[in-house]
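Notes to accompany the following structure.
The values are calculated or read from the model by the stated rules, or taken from the named source; none is laboratory data. The model shown is predicted, which means the values in this text are computed figures rather than measured ones. Every residue, glycine among them, receives a Cβ derived from its backbone with ideal geometry; neighbour counts consider all protein chains shown.
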């Protein structure tokens, strides 16, 4: 099978030979890179030194993108060449396909990066959430108690105060009215 492939390559000339070499070489590199990504982790990119957890998660000029670009360039160029298009049209179609694939990946990775959550509790996300008193909350902000409330997909235990005229007993449903600071929320038993 491999000898048939080499015989095929030796029979080719000009741009078709170049396109076959590019397509095969970068397809093999793409498979190796994918295996590295699956078994070792990360994105399989050797030049990931600029990724420090800050900024854009998708960098344009990387080895991964170069491999993807040339893989698409080679195979789409071969398709165009075999469709009977001239050399110039073949190269233009190959370039367009490679650039289009990188652009699609760029849009995909930017949108995927927006889904990433740092896991840090944002106190503003507690407002209007309904929970339950865990430790009694003294009336009219005379002391703090504790509540359990679902925030950002997890159950949190937070310090709480109330402006209600009566203490809020343990186990009573509450609603967060607003945040008082980065560690205390204001709650009420009057649910909306």
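Taking the options 105, 158, name whichever one is surrounded by 14 or more Cβ atoms within 10 Å (Cβ to Cβ), touching a helix residue (DSSP H, G or I) at 6+ places or on another chain (Cβ under 8 Å) and within 30 Å of residue 22 (Cβ to Cβ). Working first, answer last.
Numbers: 158 fails: within 30 Å of residue 22 (Cβ to Cβ).
None of the others qualify; the one that does is 105.
Is the range 84-93 home to any residue that is exposed (fewer than 15 other Cβ atoms within 10 Å of the Cβ), without any contact (Cβ under 8 Å) to a residue 24 or more places away in the chain, under 30 Å from residue 19 (Cα atoms) and in contact with a helix residue (DSSP H, G or I) (Cβ under 8 Å, 6 or more places away or on another chain)?
Among the residues of the range 84-93, at least one is exposed (fewer than 15 other Cβ atoms within 10 Å of the Cβ), without any contact (Cβ under 8 Å) to a residue 24 or more places away in the chain, under 30 Å from residue 19 (Cα atoms) and in contact with a helix residue (DSSP H, G or I) (Cβ under 8 Å, 6 or more places away or on another chain), which makes the answer yes.
The rows are residues; the columns are (1) modelled with pLDDT of 85 or more; (2) not in a loop (DSSP other than H, G, I, E, B).
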residue: 8; (1), (2): no, yes
residue: 16; (1), (2): yes, yes
residue: 21; (1), (2): yes, yes
residue: 29; (1), (2): yes, yes
residue: 32; (1), (2): yes, yes
residue: 38; (1), (2): yes, yes
residue: 44; (1), (2): no, no
residue: 57; (1), (2): no, no
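Could you say whether any residue in the range 110-125 is under 30 Å from residue 69 (Cα atoms), free of Cβ contacts under 8 Å to residues at least 24 places away in the same chain and not in a helix (DSSP H, G or I)?
yes
Let's see how each residue does on (1) at pLDDT 90 or above; (2) in the same structural domain as residue 165 (by TED's automatic domain parsing):
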| position | (1), (2) |
| --- | --- |
| 72 | yes, no |
| 77 | yes, no |
| 90 | yes, no |
| 94 | yes, no |
| 97 | yes, no |
| 101 | yes, no |
| 108 | no, no |
| 131 | yes, yes |
| 134 | yes, yes |
